1. Take the residues in segment 67-94 that are outside any loop (DSSP other than H, G, I, E, B) and among the hydroxyl-bearing types (Ser, Thr, Tyr); name whichever of them is surrounded by the fewest Cβ atoms within 10 Å (Cβ to Cβ).
2. Can you tell me which residue among Lys97, Lys64, Lys124 is in a strand (DSSP E or B) and either at pLDDT 90 or above or under 30 Å from Thr5 (Cα atoms) (or both)?
3. In segment 292-302, what residues are of a type outside the set (D, E, K, R) and surrounded by fewer than 17 Cβ atoms within 10 Å (Cβ to Cβ)?
4. Looking only at segment 317-352, how many residues end up being assigned to a helix (DSSP H, G or I), within 25 Å of Val287 (Cα to Cα) and either touching a Ser or Thr at 6+ places or on another chain (Cβ under 6 Å) or of a type in the set (Phe, Trp, Tyr) (or both)?
5. Mind listing whichever residues of segment 68-94 are hydrophobic (A, V, I, L, M, F, W, C) and closer than 12 Å to Pro6 by Cβ?
6. Hey, Leu261 hits all of (1) touching a residue at least 24 places away in the same chain (Cβ under 8 Å); (2) more than 7 Å from the ligand (Cβ to nearest atom) but one; which does it fall short on?
7. Mind checking whether some residue in segment 275-285 is over 24 Å from Leu156 (Cα atoms) and either in a helix (DSSP H, G or I) or within 10 Å of the ligand (Cβ to nearest atom) (or both)?
8. Among the residues of segment 286-316, count how many are farther than 18 Å from Ile216 by Cβ and assigned to a helix (DSSP H, G or I).
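The values are calculated or read from the model by the stated rules, or taken from the named source; none is laboratory data. This structure is a prediction, so every number in the text was calculated from the model and none was measured. Neighbour counts run over all protein chains shown; Cβ positions are idealised from the backbone, glycine included.
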Amino acid sequence: MQTLTPHVYWAQRHGEIYLRVELSDAQNLNIRVQENTLCFKGQGHGAKGENEYEFSLDFLKPVKAEVTHRSTQRQVNITVKKRERGWWDRLAAQERKPLFLAPDFDRWLDESDAEMELREKEEKLNKILFESRIPKDPYLGLKKGYLFMYNLVQFLGFSWIFVNMTVRLFILGQDSFYDTFHTIADVMYFCQILAVIEVVNPALRLVRTGVLPPLIQVFGRNFLLFIILGAQEDMQNKPVVFFIFYLWSTIEIFRYPFYMLACIDTEWKLLTWLRYSLWIPLYPLGVIAEAVAVIQSIPIFDETKVLSLPLPRALGTSLSFSYILQLYLAVMFLGLFINFRHLYKMRKRRFRAKKKKAN
Ligand SMILES: CCCCCCCCCCCCC/C=C/C(=O)SCCNC(=O)CCNC(=O)[C@H](O)C(C)(C)COP(=O)(O)OP(=O)(O)OC[C@H]1O[C@@H](n2cnc3c(N)ncnc32)[C@H](O)[C@@H]1OP(=O)(O)O
């Protein structure tokens, strides 16, 4: 057997040198670093067939004495640690590159790419360390199960409302506007009473959002549903009820399934987009429809004196509830502004996070 030199490919990182020796089925390997020189000896199948192959390599800068190597069926991979971290201009001490040596383009990185790789590795490590320090919530499964069920019930309720109203609209046309309340109110009452949970959830830190936006939303809807429509029969057959219920249910048939998927750590892009975009036209339309209902109810409350506050005789007989409604009209638009700004922020946060992930 004659002794030959194998083909050797190299690449570097800030802390290591990688060598790939083209020798298949290598045996009797003897690889060591002595006085900053790597000495390789081994038998195997190389460029010149089955033979004994060897080479030695003087490194440009000091390396550590320990060498790790792993031989596969096709090659021998060697890793040598640099004594000091840094980027080398070349591998060998001699200026002329040894003939058997070439860059390993499969692992090759230039200095800035290697820095980036290093930074990514550090970030990953920091993330793992950070996450391992946060104590795992033992009730996470229970919380997610409860939220999933809540969202499922709301989704079913609002889907029933939406489908029922759509079918009636197709069959009865405009006539369906006048008895929306009588056909839908019971399910809407159920869903909206249940929706109080949405104020409780952030207060108990079961979901990552503030208490004020859901409070405005639940209070605003329930005030309209239970007081303006519920307490005044004359309001119940007005066409505006159709538009209010239809707008509410349109947003909810996308919002609740979005939350359901979030509970099982799943995301559908289209659904996310709909959840964070549909409110842009629907929220102002909903508040306008609600404002119309409030304005229509003012003369009715004046006339029927329902919910009017009795006053001491010196101040008059009673204070009509319509004054509260006029005040409420102004508060409504403040509520719209707060929630619109909140939803805009949530939308920006969501889509910014997605863009970051995509990069
Ligand atoms: C003090 C009282 C003052 C009263 C004043 C009254 C004035 C009233 C005026 C306003 C009247 C409004 C009446 C309503 C009209 C209409 O609805 S019109 C129809 C159109 N409507 C809409 O588009 C609004 C729909 N509603 C919402 O979007 C919400 O209810 C919201 C409260 C406005 C905002 O939701 P929020 O939860 O804060 O944001 P999200 O981004 O959706 O969620 C944040 C994170 O929390 C998680 N999460 C939230 N809820 C759940 C849940 N049920 N289940 C599981 N997870 C949930 C969500 O996944 C997010 O988590 P991350 O993804 O990890 O961020």
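1. Per the stated criteria, the residue is Thr68.
2. Lys64
3. Answer for segment 292-302, where residues must be of a type outside the set (D, E, K, R) and surrounded by fewer than 17 Cβ atoms within 10 Å (Cβ to Cβ): Val292, Ile295, Gln296, Pro299.
4. 7
5. Val76, Ile78
6. Of (1) touching a residue at least 24 places away in the same chain (Cβ under 8 Å); (2) more than 7 Å from the ligand (Cβ to nearest atom), only one is false for Leu261: (1).
7. Yes.
8. 14
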